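**Q** Dropping a structure here in structure tokens format, bear with me for questions.
Since every read-out is calculated from the coordinates, none of them should be taken as a lab result. Just so it is clear, the structure is predicted and the values come from calculations on it, not from any experiment. Methodologically, a virtual Cβ is constructed for each residue, glycine included, from the backbone with ideal geometry; neighbour enumeration extends over all protein chains shown.
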Amino acid sequence: MSEHAESMRTIWYETEGDKVCIIDQTQLPHALQIITLETLADACRAITDMQVRGAPLIGITAAFGVYLSLKQNPQCLLSACQQLAATRPTAINLQWALTQIQQELQALDTADQIGSALSLARQLLADDAGACSAIGDNGLQILKALLKQKQQSQPSEQSGENACLNILTHCNAGWLATGGWGTALAPIYKAHQAGLPVHVWVDETRPRNQGASLTAWELARSGVPHTLITDNAGGHLMQHGMVDVCIVGSDRTTRQGDVCNKIGTYLKALAAFDNDVPFYVALPASTIDFAVNDGVREIPIETRSADEVNYVSGLADDGTVKRVRISPPATGVSNYGFDVTPARLVSGLITELGVYPANVEGVAKIAEAMAADQ
Ligand code: MRU
């Protein structure tokens with residue numbers, strides 16, 4: 001395993017003790033707490049309560065959940081898959097991973113299923129890390145080209161050589177959300193490692209603040225220059241030429257190239273479109289739902305607890321984490337977790353197989369590349 005993969009992993013299996021370990025993301029950025037998943041219920045709870053989150057990671061966790069469940073009861077493959085599939089509705093990776101694992105295991109004798117479930121989960125984890133690394137390499141080419149273009153367009157007295165590429169991202173699509181590297185953050189890590197001057201605008205991403213608590217934590221840990229902004233600041237920055245490119249992740253991508261991602265992504269895409277800022281989506285091919293065409297009408301959007309909107313929590317001056325209410329008790333809340341960005345607003349889909357246009361033809365080409373890759 002490379003040094004990067006070792007230091008940037010959010011779920012892993014330890015042969016010694018037969019343990020599935022995760023970073024509990026609900027504790028970040030205040031505490032780096034590692035916990036062990038021991039049962040199917042642990043795996044389901046970790047996904048529902050968002051100790052693990054991010055589309056690829058919940059698929060990987062579900063795969064390990066199947067293993068944990070079979071260890072408890074070798075006869076429970078179907079019901080384990082059903083329970084895991086019901087934990088979160090929007091990211092397709094969850095269903096994708098469970099379908100893969102179920103198909104493979106059903107073909108085996110019950111006695112062989114436990115060991116195979118573990119191998120499949122570990123393979124899924126390794127494959128996702130590999131896919132994300134390739135997404136990083138493919139996205140890096142885009143960042144290099146944009147930087148060159150920016151440097152060439154700046155008058156020499158504005159120290160064009162030193163121009164920095166300003167990248168806006170939403171939510172957390174970093175290594176915490178995947179098997180390693182991340183999707184939207186992978187090209188940024190690769191650019192930083194290659195010595196390209198990059199700076200990241202990090203949307204805080206209300207209500208759960210994955211930008212503030214996870215993306216900022218990841219970037220700080222890797223020394224990538226970044227600035228935290230409120231969710232509503234992006235449009236203003238774009239109007240003033242302070243964003244060169246947006247890169248976000250995806251929870252589900254449709255046959256026509258629509259992209260479902262964390263709530264607020266659509267508004268960033270609209271602002272980017274209005275200001276001629278390229279808007280890329282980085283995703284492993286496992287995020288494509290070939291059964292869905294029109295994302296706005298067909299993708300189920302998760303709604304979550306009103307508490308996530310009514311309360312904020314953070315580190316108080318006395319060093320303890322406190323939760324405080326920010327709204328009157330009688331006020332109603334709606335808490336949609338995701339929105340859909342129509343393909344026409346997306347400049348390109350950065351996948352492990354290459355960069356493709358966000359349209360029917362582009363997604364069909366990804367399908368061809370997937371078939372050729374198998
Ligand atoms: O609700 P979350 O935190 O699971 O939402 C995560 C996102 O929206 C990510 O951008 C998406 O899963 C892509 S992760 C590589």
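**Q** Go through the stretch 272-312 residue by residue and tally those that are among the acidic types (Asp, Glu) and without any contact (Cβ under 8 Å) to a residue 24 or more places away in the chain. Can you show your working first?
**A** Taking the stretch 272-312 first, the residues among the acidic types (Asp, Glu) are 274, 276, 289, 294, 298, 302, 307-308.
If we keep only those that are without any contact (Cβ under 8 Å) to a residue 24 or more places away in the chain too, we end up with 276, 307.
Qualifying residue count, the stretch 272-312: 2.
**Q** If you go through the stretch 257-298, how many residues are near the ligand (Cβ under 10 Å from one of its atoms) and farther than 17 Å from residue 344 by Cβ?
**A** Of the residues in the stretch 257-298, 7 are near the ligand (Cβ under 10 Å from one of its atoms) and farther than 17 Å from residue 344 by Cβ.
**Q** Residues being crowded, with 21+ Cβ neighbours inside 10 Å and either within 11 Å of the ligand (Cβ to nearest atom) or within 29 Å of residue 258 (Cβ to Cβ) (or both): count how many of those fall in the stretch 66-86.
**A** 2
**Q** Applying the selection to the stretch 70-94, what residues are closer than 27 Å to residue 338 by Cβ, part of a helix (DSSP H, G or I) and touching a residue at least 12 places away in the same chain (Cβ under 8 Å)?
**A** 80, 81, 83, 84, 85, 92, 93, 94
**Q** Take the conditions part of a loop (DSSP other than H, G, I, E, B) and without any contact (Cβ under 8 Å) to a residue 24 or more places away in the chain and apply them to residue 180. Does it pass?
**A** Taking the combined requirement at face value, the residue does not satisfy it.
**Q** In the set 220, 194, 216, which member is farther than 24 Å from residue 149 by Cβ and away from the ligand (no atom under 15 Å from the Cβ)? I'd like the intermediate steps shown before the answer.
**A** Working: 194 fails: farther than 24 Å from residue 149 by Cβ; 216 fails: away from the ligand (no atom under 15 Å from the Cβ).
Of the residues listed, the single one that is farther than 24 Å from residue 149 by Cβ and away from the ligand (no atom under 15 Å from the Cβ) is 220.
**Q** When you look at residue 169, is it under 30 Å from residue 310 (Cβ atoms), hydroxyl-bearing (Ser, Thr, Tyr) and either within 10 Å of the ligand (Cβ to nearest atom) or in contact with a Leu (Cβ under 9 Å, 6 or more places away or on another chain) (or both), yes or no? Lay out the reasoning, then the answer.
**A** On the way: under 30 Å from residue 310 (Cβ atoms): yes; hydroxyl-bearing (Ser, Thr, Tyr): yes; either within 10 Å of the ligand (Cβ to nearest atom) or in contact with a Leu (Cβ under 9 Å, 6 or more places away or on another chain) (or both): yes.
So residue 169 fits the description; yes.
**Q** While we're looking at this one, here's another question. Restricting the search to the stretch 324-362, which residues are over 24 Å from the mean Cα position of the chain (by Cα) and hydroxyl-bearing (Ser, Thr, Tyr)? Working first, answer last.
**A** The initial filter retains those residues of the stretch 324-362 that are over 24 Å from the mean Cα position of the chain (by Cα), namely 324-333, 361.
Within the stretch 324-362, 327, 331 qualify.
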